[in-house]
1. Taking amide H positions as placed in the peptide plane 1.01 Å from N, state which residues far from B:K135 in sequence (5 or more) or on other chains have amide H under 5 Å from it.
2. When the helix-only estimate is applied to the protein assembly as shown (DSSP H runs of n ≥ 4, each -39,500 (n - 2.57), divided by the residue count), what is the mean residue ellipticity at 222 nm, nearest 500 deg cm²/dmol?
3. Report the accessible area of B:L6, computed with a 1.4 Å probe over the heavy atoms of all protein chains in place, in Å² rounded to the nearest 10.
4. Shape of the protein assembly as shown from its Cα gyration tensor (a ≥ b ≥ c, root eigenvalues): rounded if a/c is under 1.5, otherwise prolate when a/b > b/c, or oblate?
5. Could you tell me which of rounded, prolate or oblate describes the stretch A:1-111, using a ≥ b ≥ c as the square roots of the eigenvalues of the alpha-carbon gyration tensor, with rounded for a/c under 1.5 and, failing that, prolate when a/b is larger than b/c and oblate otherwise?
6. Below 10 angstrom from the Cβ of A:N9, what's the summed charge of the other residues (Lys, Arg +1; Asp, Glu -1)?
7. Rounded, prolate or oblate: which fits the stretch B:12-159, taking a ≥ b ≥ c as square roots of the Cα gyration tensor eigenvalues, rounded meaning a/c under 1.5, else prolate when a/b beats b/c?
8. What does the charge count near A:G62 come to, summing +1 for each Lys or Arg and -1 for each Asp or Glu among other residues with Cβ under 11 Å from its Cβ?
Amino acid sequence: MKIGIISNNYEGPVAKALEQVYKALTGGEIERISMAEFQPQYVSQKSLDALLIEGRNNSDEGFAIAVRRNTPDTTKICYFRIYHTSSSQELQEHNIHVLNILDGDLREKFTNWMGGS
Amino acid sequence: MTEQILRLDILVVEDTEKHQSSAQEQFKDHTLTIAKNYEEGEKLLKASYHVLLTDLMMPKGGRKTMGPEGMKYIFDLLPFGFPLAFLAAKIRIPYIGIVTDINHHNHPISAAIDPISGTYWKESSEYLYRINDSKLGIFHAPFNKDGQKDWNKVLEVLLK
């Protein structure tokens, strides 16, 4: 599985942690994509199976929904957030999986998401 | 006698690669700038251009002024050709064309421009408009044999 990690800050701890968790769990290939540069067509151009979006604020939630609306339904999307800034209901209604970095069972949740449909 | 070629400064705003390519091929004798989305086009648009040729539907291309609600639509193809055309008229770019490749059976906005564009390709001045000092045309695109937009044909109609 090839995953795209979309972040505004690759030097920050969250993006780095995401990469490490993903590599440890799956050993799969990672494509780093800046949030400002991302285009929906990258999913097919770079043969991405899933997208992991680092969410930092409400605007990033809107961004995640825009990504969902413009990528194939088969592309798995996970919104990985640091803070509980708002309800995750709307994201989930758009079939976006939500993970919180402060969740204690993050590893299990991440694995379930990766393995689920 | 050598024919004098008019060298124009042209801005094309177009998000589809094959139509960008035809602009590059057809406007070799002009000074061409290509913008790939609305925000790039808006940023590049300045009064020194002689011609703006813009696609109708394109993505916004950035996050400028967008809040959480607006962010949801930043990748959608929206009819940004109209605000770009009016912005060009505001700064008095002489020749402006909105050119769509979308068949009117395939999108409501394409069908909606039928009455103001003459439906399919027509070399008629009936569908040219004057705004400020600018001449604006709205076109269902003519195509070359490779299915690319024939920008030159549009330009010829505008310059007549």
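The values are calculated or read from the model by the stated rules, or taken from the named source; none is laboratory data. All values reported here derive from a predicted model rather than from experimental measurement. Backbone-built Cβ (ideal geometry, glycine too); neighbour counts: all protein chains shown. The protein model used for the area step is the full one, side chains on, heavy atoms only, and it has no ligands, DNA or RNA in it. Shrake-Rupley method; radii C 1.70, N 1.55, O 1.52, S 1.80 Å.
1. Here the answer is B:Y95, B:I96, since their amide H atoms fall under 5 Å of that of B:K135.
2. My calculation for the protein assembly as shown gives -9000 deg cm²/dmol from helical runs alone.
3. 110
4. Prolate, since a/c reaches 1.5 and a/b exceeds b/c.
5. Judged from the Cα gyration tensor, the stretch A:1-111 comes out rounded (a/c under 1.5).
6. Net charge in that neighbourhood comes out at 0.
7. rounded
8. Local net charge: 0.
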